[in-house]
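Nothing in this text is a laboratory measurement; each read-out follows from the coordinates by a stated rule. If you're wondering where the values come from, they're calculated on a predicted model, not measured in any experiment. So basically every Cβ, Gly included, is an ideal-geometry build from the backbone, and we count neighbours across all protein chains shown.
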Amino acid sequence: MRAVKVTFVLAGLLALTQYFHVYYNSAEFNNFVRHEAERTRSGAQLKHSLLEQARVYSLPVTESDISLNTTDAVLRVAVDYKVPVNLLVYNPELKFHVIGSAFLPAVSDRN
C-alpha cells in the first residue's frame, strides 16, 4: 500500500512540475508581449521580437499566432497559442491568449 501512495505522490509531483514550467514560461512571455507592444513602433519588428522571445521560453508560437491591428493611433497585438504538456501517459494542450497595446506616435502633417 505504501508503494502505491509513493507512486501517486511522484506522479503528482511530475505533473505539477510540468504544469508549473509551462505556466511560468507563459506568464513571462505574456509580460514580455505587453511590454514590447508599448516599446515597439513597427509591426514587423514586433513580430520578430515576439517570435524570438517565444523561442527563448520554449513556447510553440508561430507567425500565424500573432495578430497585429492598428486602429486610429493604437497598435494592438494579440497572441493565441497552445502549449502541449508531456505527462507521459496523457498529453493535454494548454491554451493561452495575451493582448498588448500601445499608442503610436502622432504623425505631423507638414506640407
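Can you name the residue in the range 22-41 that is within 16 Å of S67 (Cβ to Cβ) and of a type outside the set (V, I, T) and, of all such residues, is surrounded by the most Cβ atoms within 10 Å (Cβ to Cβ)? Walk me through how you get there before you give the answer.
Pass one, the range 22-41, residues within 16 Å of S67 (Cβ to Cβ): 29-30, 33-34, 36-37, 40.
Checking which are of a type outside the set (V, I, T) leaves us with 29-30, 34, 36-37.
Details: F29: 23, N30: 17, R34: 16, E36: 17, A37: 21.
Only one residue fits best here, namely F29.
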With the requirement that a residue be of a type outside the set (S, T, N, Q), within 24 Å of E63 (Cβ to Cβ) and touching a helix residue (DSSP H, G or I) at 6+ places or on another chain (Cβ under 7 Å), what does the range 77-107 give you?
V77, V79, D80, Y81, V83, V85, L94, F96, V98, G100, A102
Per the filter on the range 25-52, residues in contact with a helix residue (DSSP H, G or I) (Cβ under 6 Å, 6 or more places away or on another chain) and charged (D, E, K, R) are E36
